Amino acid sequence: MKPWTACSVLAAVVLALSTAPPAVAHHAIQAEYEMGQTKGFTGVMTRFAMINPHCRWFFEETKADGTKVTWEMSGAGPQALRAAGLVRIFQIGQPYEVTFAPAKNGANVGRVRTMKGPDGKVITLFHEDPTDPLNN
Amino acid sequence: MMLRRIRTSTSIAAVVAATLWLTTADATTQQPASNGNVATPRTADGKVDFSGMWVGTGGGDLKPDESGNITVLSRGRPCHPGQECKPAINFERDSGVRQRMNPNLPRYKPEHWARVEDLDVNGNFKDPEIKCYPAGLPRMGAPGKIVQTPTELIFLYASHNTFRVIPIDGRDHDPIRSQDLLYYGDSIGKWEGDTLVIDSVGFTDETWLAWPGYFHTNNMRVVERLTRQGNTLTWQATVHDPEVLMEPWTMNPVRRNLNPNPKALLVEDLPCESRDSAHIVTRERG
């Protein structure tokens, strides 16, 4: 399976699983993130963690003055990633342009919206904007 | 852009339909598949054979757009005028409402109502699953795969790499394990006609029965009833906990269809890290 095909499968599986009757604990995403805001950074992916209940991507951003900032992004569940064969598509040590909904508590944590990898392709895994006429 | 979204949504819909058909379904919302012409399999000794894979494994065939990009946005309903309107807000709030729409509630004794309410209101911080604890029985639901021998049923669950070994050889509860503090209890199974009745005791009190703060004591007894008609499995649990409940609580039955893919496998689950807890700042649940 081609990586990008696999990626699309992931997203479908994520949605499918999120649509199924809830069987496990869950917290409202807005209890943790400012879902109406978008922030971004460019950083090197330092770790991809296949953990429950949400996969995590870790990045290190180098500011203009040379200081380092670490970021932790949350996304889909690992079972969905694995079912789609997407475990090895993320390239540790490579730069990514990332956009995300920021954590409400101000930590360098976010719910990932998009990740643009070194090949220039963009993965978008988020929720529709309910005010976007295209979605209604 | 619009065309790509439509294509994506169409493909998603197909995957959703396929996944839901294979995965858990509350019997109140899904009727069993038409299995009228499928004989219920039986073992050599004439018992109903529950062996099989009872969950799907996901999958699909979505395509990237012409640039190789992938855009999949989870659907949510539009907002009413004046309503807070941000991505995922309605999706999550609908989930919270849906979790409370089930009219089948455990009836707690009045002196425990305040505790249930507190656990529910503060569920973002107190739900044991948020802290990566196992769901435990009965919250774990129906098994994903069953292996049956003449003397045992082995239940396998994808979540937390969980297994249960249930003797069906007529033995009674083990006197030591039945006094243990287990997440899945000490279980024994007995046949009542074509129904397998599983009796479990010896529980920890650190799990919940369900999402809305339904706690239990470590003297809880859970009775599961398992039936199979054709290729449809029905699982239903009843909770007996007279210290806190006014009456036994029989949960809604769960029906699952047999996964027809002979190559379908349960793969190992991955560790759970409670990394969200440190960043949850409001009590809103969903």
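Of the listed requirements (1) within 27 Å of B:Ile89 (Cα to Cα); (2) surrounded by 14 or more Cβ atoms within 10 Å (Cβ to Cβ), A:Gln37 misses just one: (2). Counting the residues of region B:222-237 that are closer than 18 Å to B:Gly56 by Cβ and under 15 Å from the mean Cα position of the chain (by Cα) gives 3. Does A:Gly36 meet the test of being among the small types (Gly, Ala, Ser), outside any strand (DSSP E or B), over 25 Å from B:His160 (Cβ atoms) and at the interface with chain B (Cβ under 9 Å from one of its Cβ atoms)? Yes. Residues in region A:91-127 that are surrounded by fewer than 21 Cβ atoms within 10 Å (Cβ to Cβ) and closer than 25 Å to B:Gly76 by Cβ: A:Thr99, A:Pro102, A:Lys104, A:Asn105, A:Thr114, A:Lys116, A:Val122, A:Thr124.
Just checking, does region A:60-72 include any residue being surrounded by fewer than 19 Cβ atoms within 10 Å (Cβ to Cβ), over 21 Å from B:Asn90 (Cα atoms), over 11 Å from the mean Cα position of the chain (by Cα) and within 7 Å of chain B (Cβ to nearest Cβ)? No; the residues of region A:60-72 include none that is surrounded by fewer than 19 Cβ atoms within 10 Å (Cβ to Cβ), over 21 Å from B:Asn90 (Cα atoms), over 11 Å from the mean Cα position of the chain (by Cα) and within 7 Å of chain B (Cβ to nearest Cβ). Counted as qualifying within region B:82-138 are the helices (runs of 4 or more DSSP H) with 2 or more residues that are at the interface with chain A (Cβ under 10 Å from one of its Cβ atoms) and farther than 20 Å from A:Asn52 by Cβ, namely B:89-99. The set of residues in region B:62-98 being β-branched (Val, Ile, Thr) and crowded, with 21+ Cβ neighbours inside 10 Å consists of B:Ile70, B:Val72, B:Ile89. Residue-level analysis places B:Val55 outside the set of residues that are touching a strand residue (DSSP E or B) at 6+ places or on another chain (Cβ under 6 Å) and at pLDDT 85 or above. Applying a threshold of 7 Å to beta carbon distances and a minimum spacing of six or more residues, or different chains, the list of pairs starting in region B:42-54 at a residue that is assigned to a strand (DSSP E or B) and ending at one that is polar (S, T, N, Q) reads B:Val48/B:Thr40; B:Met53/B:Asn259.
For region A:85-136, a residue qualifies if it is over 12 Å from B:Thr71 (Cβ atoms) and hydroxyl-bearing (Ser, Thr, Tyr), and the qualifying residues are A:Tyr96, A:Thr99, A:Thr131. Whether any residue in region B:82-93 is in contact (Cβ under 8 Å) with a residue 12 or more places away in the chain, on the phi > 0 side of the Ramachandran plot and not aromatic (Phe, Trp, Tyr) is what I want to check. Checked against the condition, which is being in contact (Cβ under 8 Å) with a residue 12 or more places away in the chain, on the phi > 0 side of the Ramachandran plot and not aromatic (Phe, Trp, Tyr), region B:82-93 yields at least one hit. For region B:191-286, the strands (runs of 3 or more DSSP E) that sit wholly inside it and include 2 or more residues that are away from chain A (no Cβ under 13 Å) and surrounded by 16 or more Cβ atoms within 10 Å (Cβ to Cβ) are B:195-201, B:221-229, B:232-240. Here the condition is being exposed (fewer than 14 other Cβ atoms within 10 Å of the Cβ), in a loop (DSSP other than H, G, I, E, B) and more than 8 Å from chain B (Cβ to nearest Cβ); of A:Arg47, A:Arg88, it holds for A:Arg88 alone.
The values are calculated or read from the model by the stated rules, or taken from the named source; none is laboratory data. Just so we're clear, the structure is a prediction, and the values are computed from it rather than from any experiment. With ideal geometry, Cβ positions are generated from the backbone for all residues, glycine too; neighbour counts draw on all protein chains shown.
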